[in-house]
Amino acid sequence: MALDGITLGLVKNELEGYIIGAKVEKIHQPSKNELVFIFRTRNGAFRMYASCDGQSPRVHLTRYSLDNPKTPPMLCMLFRKRLVGSTLACIRQINNDRILIFDFNGTTEIGDKTQYHLICEIMAQRSNVILCDSEYKILDAVKRIDENKSSVREILPGLKYELPPQQNKCDIYAVSAGEISEKIGEYSDKMLSKAVLEAVEGFSPIVCREIAYRTVFGDKQTGLLSQIEKERLETEISNIQNELKNKTTPQMLLTQENLPFDLTFTNVRQYNNALIKRNYETYSELLDDFYFERDRQNRIKRRAADLYKILNNAVERTARKINNRRAELLQSEKRDDLRLYAELITANQYRLTEKSSEYEVENYYDNNKIMIIPANPALTPQQNSQKYFKEYKKAVNASKLLQDLIEEGEQELVYLDTVLDNLSRADTEREISEIRDELESGGYVKSKKGSRNKKEKPLSTLEFLSSDGFKILVGRNNVQNDRLTLKTAKNYDMWLHVQKQAGSHVVIVSDKKEISETAILEAACLAAFHSKAKNSSSVAVDYTLVKNVKKPVGAKPGKVIYNTYNTVYVTPQKEHIDKMKTE
């Protein structure tokens, strides 16, 4: 899953075609390990994203606009001071290593011309983004590395930048296939895929496994390769070289659930039909799609960690209450025995003795079989009968109350599930803030002291356009869902929602025209995509006219009911959703 040196080199070639000669217009730092550089060219603006997060380090152009903190961090201010207004002169890669150096022509504080070097090291947990002056003296870095963190190389302001230790591996662009094959053969005690990884610079594990698969249709110890297999290995290395010289294939591999699995620059055959292949036009688009959803989830989890904790605690507490009440309800189902005891004691009290701990009576409901009824010896038979009648009435009332409380608890669990779903799909601080306001209104979150009295203008709904021209609106959260369905939408518009799962309300704006089947299918895909079922196939989506949708009195935000509807089954696909956006 790591971004390898070869793919990074292909990204570099791609970047050169777009931003060489461009001026840095803005710099943002959405989070501690992320930087966004906005370049202005004659062809428009381009947004370059650089991350040194250990789980997803990378650098590429992005089409996404990330939410930024209100106050820029000090590091971001330093980068702006040095680079904003400068021109990108060239981009260099150190051999096939995972290091890109961006050379900028800029000016010093007093206006003298100078050069700055932005160094992006894409090396898993050791990834970093470093800014140096013209002499490669470090001005600052996203991650400062002192002697306590590394005994090999320190990254601190004022120190001279040094490259990481270089590996003695073959350059796929400069060394012949025969020489590379011989180098691989030196690792005779290793499996072929591991030997390729040790011998060739810039290859990720998936590429090494692919070469092994194409050579021996699996993997095999390198020292046991036959002559034919050695010749096939050289041929496959040569094929990769030709591919890199001519045209590569930006390819993502996905699981059957449409979750990103891995990425590479060559057509992968080793998994047969176990994984889904998706090819891209550019490596930036590939990296955007591969990493963005996972990074977004991690980013939102960090920013909304307190809300996740509150919601998960509320779910656990509510589920526990429901289980306890179900146990009490089960106990109260014995109420008919209490009524029977009271009746039988009343019917036989003339012959029952006082101060007895049990009564022996005939049960005329069961062929006069003898029944033993527990009794309180301190009470008379009549008092024991009255006691059982009171317990019976109490059990009847409790049963009704418990059923109502259990239903109320189950509705609360459904509501909390919708909030968690909304939170998982939140992209920005504003969306998280609106969900926080909703939870404050519901009493789940305490209002912070000194919080702003003036509320921000509510976010607008997400807007899409069907392929045949119908506007489609999608709610971002429960409060917005209510507003969209009950206030914005007209009675003759079409309303959609994923069946029996948490998800957004979706409305097709008809403009008094007959809504097409195409629009309904595409809106159903949007409803499925903006729900808990987004990674499922054949998702059931209900649709009906807005006039058929009602809100129960006292229901929580987002809760509606409808009885007249049709159902369509769809499989949401992100690339189709992206085409419908109307940014």
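The values are calculated or read from the model by the stated rules, or taken from the named source; none is laboratory data. The structure presented is a predicted model; accordingly, all values stated were derived computationally and were not measured. Neighbour counts run over all protein chains shown; Cβ positions are idealised from the backbone, glycine included. Note: accessible area is taken over every heavy atom of the protein model, side chains too, but ligands, DNA and RNA are not part of it. Shrake-Rupley method; radii C 1.70, N 1.55, O 1.52, S 1.80 Å.
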How about the range 505-543: which GluC sites (Glu not before Pro) there are in a DSSP loop, with at most 11 other Cβ atoms within 10 Å of their Cβ?
-> 514
Label-point separation (nm) for residue 167 and residue 115, each offset 7 Å from Cα along Cα-to-Cβ?
-> 2.9 nm
Among 383, 279, 397, whose Cα lies farthest out toward the positive end of the dipole of the chain, if unit charges sit on the beta carbon of Lys, Arg (+1) and Asp, Glu (-1)?
-> 383
State the answer as a single residue: which of 544, 568, 554 lies farthest towards the positive end of the charge dipole of the range 516-583, with beta carbon charges of +1 for Lys and Arg and -1 for Asp and Glu, about the Cα centre.
-> 554
Potential extension, residue 20-residue 465 segment - 0.36 nm per residue separation minus Cα distance = 156.7 nm
For the range 392-509, what number results from the quotient of the Cα radius of gyration and 2.2 N^0.38 Å?
-> 1.36
Which one of 373, 221, 136 has its Cα pushed farthest toward the positive end of the charge dipole of the chain, where Lys and Arg give +1 and Asp and Glu give -1 at the Cβ?
-> 373
In nm, the gap between the two label points placed 7 Å beyond Cα toward Cβ at residue 281 and residue 315 is 3.9 nm
Provide the descending list of Cα extents for the range 50-130 along its principal axes, expressed in whole angstroms.
-> 40, 38, 24
Listed by chain and number, the lysines with an alpha carbon less than 22 angstrom from that of residue 190, same-chain partners under 8 positions apart left out, are 169, 220, 230
Grab the beta carbon distance between residue 84 and residue 182, set R0 = 41 Å, and tell me the FRET efficiency rounded to 0.05.
-> 0.25
Rounded to the nearest 0.05, what FRET efficiency do residue 408 and residue 273 have when you use their Cβ-Cβ distance and R0 = 51 Å?
-> 0.60
Label-to-label distance, nm, for residues given as residue 331 and residue 353 (7 Å Cα→Cβ offset) | 3.3 nm
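I'd like the carbon and sulfur percentage of the solvent accessible area for the chain, probe radius 1.4 Å, heavy atoms only, ligands and nucleic acids excluded.
On the way: 14660 of 30550 Å².
Result for the chain: 48 percent of the exposed heavy-atom area is carbon or sulfur.
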To the nearest 10 degrees, how steeply does helix 227-245 sit against the main Cα axis of the chain, on a 0 to 90 scale?
-> 90 degrees
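How much accessible area per residue does the range 535-583 have, counting only protein heavy atoms and a probe of 1.4 Å, in square angstrom?
Values: 3000 Å² over 49 residues.
With the other protein chains kept in place, the range 535-583 gives 61 Å² per residue.
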Candidate lysines - alpha carbon under 17 Å from residue 355, same-chain residues fewer than 8 apart omitted | 387
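For the chain, what ratio Rg/Rh do Cα atoms give with a Kirkwood hydrodynamic radius?
On the way: Rg = 33.9 Å, Rh = 29.5 Å.
Ratio of gyration radius to Kirkwood radius: 1.15.
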Taking the Cα centre of the chain as origin, work out the dipole magnitude from +1 charges on Lys and Arg Cβ and -1 charges on Asp and Glu Cβ, in debye rounded to 20.
-> 2100 debye
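With +1 on each Lys and Arg Cβ and -1 on each Asp and Glu Cβ, how big is the dipole of the range 131-217 about its Cα centre, in debye rounded to the nearest 20? Could you put the intermediate results ahead of the total?
Details: 12 positive and 15 negative charges, 63 e Å.
The dipole magnitude comes to about 300 debye.
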Kindly provide log₁₀ I(q)/I(0) values, in the same order as q = 0.21, 0.24 Å⁻¹, from the Debye equation applied to equal alpha-carbon scatterers of the range 285-366.
-> -0.99, -1.09
Principal-axis tilt of helix 74-83 within the chain, Cα atoms, nearest 10 degrees = 30 degrees
Members of 309/551; 532/574; 32/113 lying beyond 22 Å, as alpha-carbon distances in this model show | 309/551; 32/113
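Identify the chymotrypsin sites (Phe, Trp or Tyr not before Pro) of the range 1-70 meeting these criteria: DSSP loop state and at most 16 other C-beta atoms within 10 Å of the C-beta. Mind dumping the intermediate values first?
On the way: sites: 18, 37, 39, 46, 49, 64; in loops: 64.
Taking the range 1-70 and a limit of 16 other Cβ atoms within 10 Å, the loop chymotrypsin sites (Phe, Trp or Tyr not before Pro) found are 64.
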Mean-position separation - Cα centroids, the range 38-73 and the range 75-117, in angstrom = 15 Å
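Using only alpha carbon pairs under 8 Å that are at least six residues apart, calculate the relative contact order of the chain and give it in whole percent. Could the numbers behind the result be given before it?
Details: 1005 pairs, mean separation 44.4, N = 583.
Relative contact order here is 8 percent.
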Within straight cross-link reach of residue 393, meaning Cα distance under 20 Å, which aspartates and glutamates are found once same-chain residues fewer than 8 apart are removed?
-> 328, 333, 336, 337, 343, 404
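Where nothing but the Cβ of Lys and Arg (+1) and of Asp and Glu (-1) is charged, how large is the charge dipole of the range 458-511 around its Cα centre, in debye to the nearest 20?
Values: 6 positive and 5 negative charges, 43 e Å.
The dipole magnitude comes to about 200 debye.
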Heavy atoms of residue 191 accessible to a 1.4 Å probe, total area in Å² rounded to 10 | 80 Å²
Full extension from residue 217 to residue 562: what is 0.36 nm times the residue separation minus their Cα-Cα distance, to one decimal in nm?
-> 118.6 nm
By average C-beta atoms within 10 angstrom, highest first, the peptides 321-329, 530-538 = 530-538, 321-329
